[in-house]
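Nothing in this text is a laboratory measurement; each read-out follows from the coordinates by a stated rule. Note that the structure is a prediction, hence the values are computed from the model and not measured. Ideal geometry is used to build each Cβ from the backbone, glycine not excepted, and the neighbour counts take in all protein chains shown.
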Amino acid sequence: MYIHSAVLFRNRLFYALVALAGIVVLAGLYSVHLMEEHGHIITGMNNQIVWGIPHVFAIFLIVAASGVLNVSSIGSVFNKHAYKARAPLAGLLSIAMLGGGLTVLMLDLGRPDRLLVAATNFNPTSVFAWNIVLYSGMFGAVAVYLWTMMEGRMKPWSKPAGFFVFIWRFILTTGTGVIFSFLVARQAYGTAILPPMFIVISFAWGLAVFHIVQSAIYAWTNKVLDDYVQKRMKNLLGVFVIAALYFVVAYHLTNLYFARQSDFERFILSDGGIYPMLLWAGYVLIGNVLPLALIYLPGFGKSYHVNLASVLIILGGFSLLYVFIIGGQAFPLSIFPGFEVKSTFGDGAISLYYPSAPEILLGLGGVAVAFLITAVGIRMLDFVPHEDTKKFH
Amino acid sequence: MIDNTLNRRQFLKSSVGVAAVAVAPGILLYGMANGSSEGASAKVRWGMLIDTSHCAEGCNDCVTACNKENGLSGGVAATDSQWIRKIEIKEIAGGRQLSLPMMCQHCENPPCVDVCPTTASFKRADGIVLVDKHRCIGCRYCMMACPYKARSFVHEALHDQNPDVPRGKGTVESCTMCVHRVDQGLQPACADACANKAILFGNLNDPDSEIAKKIRTVASVQVRADLRLNPGVRYQGL
Amino acid sequence: MFRLLTILAVFFLSFSAQAAESTPKLDIGKGGQCVEDPQFMRKNHMHLLRHQRDETMRQGVRTGKYSLKNCVECHASTKDNSVIAREDSFCVACHRFEAVKIDCFECHSGERKSAWLQRNAK
């Protein structure tokens, strides 16, 4: 039963949260302003670590934006009712995170004012250029998909639209993985395992984000998640986390087998300071072992366990990306294999990176953009899952 | 080879700077791209041969000359641009030591050009790889892709640039092979500055050029030749 | 976005200035015979520059007559050899008046080459 003051409190809380997110967005924009004024000198990025924290945030958001659509795909492509009811929310989250991620990526550019140049000079051999098409196409595709689901007359089209989105996001995440796959020169990248790895990782991260948002909505509206749905989604999350871990393990095992890669693996797995720590403690322990325990151990697996697991999976995801993106650049490029190398430009030396406040704020600003789009979207339109429990069994 | 010479003559006849050309083959070499209304020609492939046995350890003359010519600060902080740098290398097996300059290798198949989303990175017809800063959005993907770490990102606003060498904040830059000098018929500043003549600059496509002759007679290698990028810069004694 | 805001701000500021004086006062440097008719140049210099810059930059054609360096050569002030150093410098005065941002001189030098060489001779 609703009490008037409770509704009032909830309203206030909503506006407080939106205002908070707004402040974070403003802080991010202010950082961008500073970066434009002073240049990237005020970030921790340099000529050795050319991509930093903003890229960790941006890639996480974009990958998760693709993965969260898994929920809709299972609904529309594989016809599972429990997921179909959740498809609109998944679509909204996808647009929100894509928007947040792209904002970060674009505003980190050296010349963000030249975006029009990027749109008018298209290089067909550049994966980045493809991704510009893939990302903007994704917005359109998901928007149409949402429309077919939410507008009664368009319902018959929701299945083909869902199928189209299903294919598009596979290509999109492939494109994101290929950004690194095509970097032939660097030890950490340049391998064909990356696109499938990114796809499977996206499933885990996307579903983790979905879990958290769904729980928040249910708690907000005093609804209780159906046990059957909760159990299915929880198990799916566990499977995705295991599959993602499998790919990460396969990636490192392959590297370990190649003699030319063993120095790099020693750096990432044991000697590299912050990077092995983030990989083992951040990704393996916090991002995999603990969440899997929370999901599968007897006595666990309740809704709040799964929420905690989801938070941990996201933290693990950030750790993995930090190791992958920044650790991959910190390890010196092998220009003269078989030689010890030194120069004034960091040849043969581990590069240092200390993220600065403006770039972290820019990344958080992207998360806040995603939050704002989600919060406002749910408030204005009907994205809350409506389920017919009879259809589950 | 005779055909080749004839073709070159024919080509030159059609270009503007013909008069200066007939004087000596050495000048002719540079005359082709010099001030011509046809611009850079695909018949030319500019390149360098670096003789590591003549490159003295601790000598930094090429770097200093490059900095001066192109208006670089000369700073070596991680955020400072370095278009050319001296690398001291020591073979792990045996301990043989070498010193050599490293800069943009002006690849025939440059990864930076492949990955650039806006075609700001491009290769001129004569093989010089450049960044068109009018198009560069500063994404730094080319820096990720370059196997030689030849590129720098301008991290701060710049002032007092060389009128011939525009550079600016938020864009990526690298060795231009002193394209503004080459187009005037001069050689790059680093080659000019090397007292030991360790840097030989010239047209790889001209069989009579000094560089082509030397490449035919001495053993030289391309760095990371395994990547099959066919760099225009070669190293002797590596 | 901030660039946009600055452009807008400059626009409004100059709008109020426009009421006071109807033509920009500018130091035309050496001046003299321009590559085209002055009125044509006022309207079209950016198109000429943009077109030729692509040919010069990407194809290495260095013989065109619409080069930014040539603009600077004639129009840099005889006092400080620059087209951008002061409020009434050739490029600045007019662009201020019209409230159009110049993007050239973040990278390009606004100084006469001879003056630059003299300063950087050592």
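Scan segment A:40-48 and tell me whether some residue there is in a helix (DSSP H, G or I), within 12 Å of another protein chain (Cβ to nearest Cβ), free of Cβ contacts under 8 Å to residues at least 12 places away in the same chain and in contact with a His (Cβ under 8 Å, 6 or more places away or on another chain). Within segment A:40-48, one or more residues are in a helix (DSSP H, G or I), within 12 Å of another protein chain (Cβ to nearest Cβ), free of Cβ contacts under 8 Å to residues at least 12 places away in the same chain and in contact with a His (Cβ under 8 Å, 6 or more places away or on another chain). All of (1) more than 22 Å from C:Gly110 (Cβ to Cβ); (2) touching a strand residue (DSSP E or B) at 6+ places or on another chain (Cβ under 6 Å); (3) hydrophobic (A, V, I, L, M, F, W, C); (4) within 14 Å of chain A (Cβ to nearest Cβ) hold for B:Ala145 with one exception: (2).
Checking every residue in segment B:77-85 against the condition of being of a type in the set (Phe, Trp, Tyr) and without any contact (Cβ under 8 Å) to a residue 40 or more places away in the chain gives zero matches.
Taking strands (runs of 3 or more DSSP E) as the structural unit, those lying wholly within segment B:32-151 and holding at least 1 residues that are in contact with a Pro (Cβ under 7 Å, 6 or more places away or on another chain) correspond to B:46-51, B:84-91, B:121-123, B:129-131. Screening segment C:49-82 for residues that are within 8 Å of another protein chain (Cβ to nearest Cβ) and closer than 25 Å to C:Gln118 by Cα and picking the one that is surrounded by the most Cβ atoms within 10 Å (Cβ to Cβ) gives C:Val72.
Conditions tested, residue by residue: (1) among the β-branched types (Val, Ile, Thr); (2) part of a loop (DSSP other than H, G, I, E, B); (3) at the interface with another protein chain (Cβ under 10 Å from one of its Cβ atoms); (4) in contact with a strand residue (DSSP E or B) (Cβ under 8 Å, 6 or more places away or on another chain).
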position: B:Asp164; (1), (2), (3), (4): no, yes, yes, no
position: B:Arg181; (1), (2), (3), (4): no, no, no, no
position: B:Leu200; (1), (2), (3), (4): no, no, no, yes
position: B:Ile215; (1), (2), (3), (4): yes, no, no, yes
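Do we find a residue being in contact with a helix residue (DSSP H, G or I) (Cβ under 6 Å, 6 or more places away or on another chain), over 21 Å from A:Val241 (Cβ atoms) and not in a loop (DSSP other than H, G, I, E, B) anywhere in segment A:329-343? No. So for segment B:88-101 (the condition being crowded, with 24+ Cβ neighbours inside 10 Å and within 7 Å of chain A (Cβ to nearest Cβ)), does at least one residue qualify? Scanning segment B:88-101 turns up no residue that is crowded, with 24+ Cβ neighbours inside 10 Å and within 7 Å of chain A (Cβ to nearest Cβ). The number of residues in segment B:217-238 being acidic (Asp, Glu) and either crowded, with 16+ Cβ neighbours inside 10 Å or assigned to a loop (DSSP other than H, G, I, E, B) (or both) comes to 0. Set side by side, the residues A:Gly317, A:Gly301 differ, and just one is surrounded by 23 or more Cβ atoms within 10 Å (Cβ to Cβ) and of a type outside the set (Phe, Trp, Tyr), which is A:Gly317.
No other residue among B:Gly71, B:Gly39 is within 14 Å of chain C (Cβ to nearest Cβ) and in contact with a helix residue (DSSP H, G or I) (Cβ under 7 Å, 6 or more places away or on another chain) apart from B:Gly39. Residues considered: B:Val165, B:Val182, B:Val129. Of these, the only one that is without any contact (Cβ under 8 Å) to a residue 60 or more places away in the chain and among the hydrophobic types (A, V, I, L, M, F, W, C) is B:Val129.
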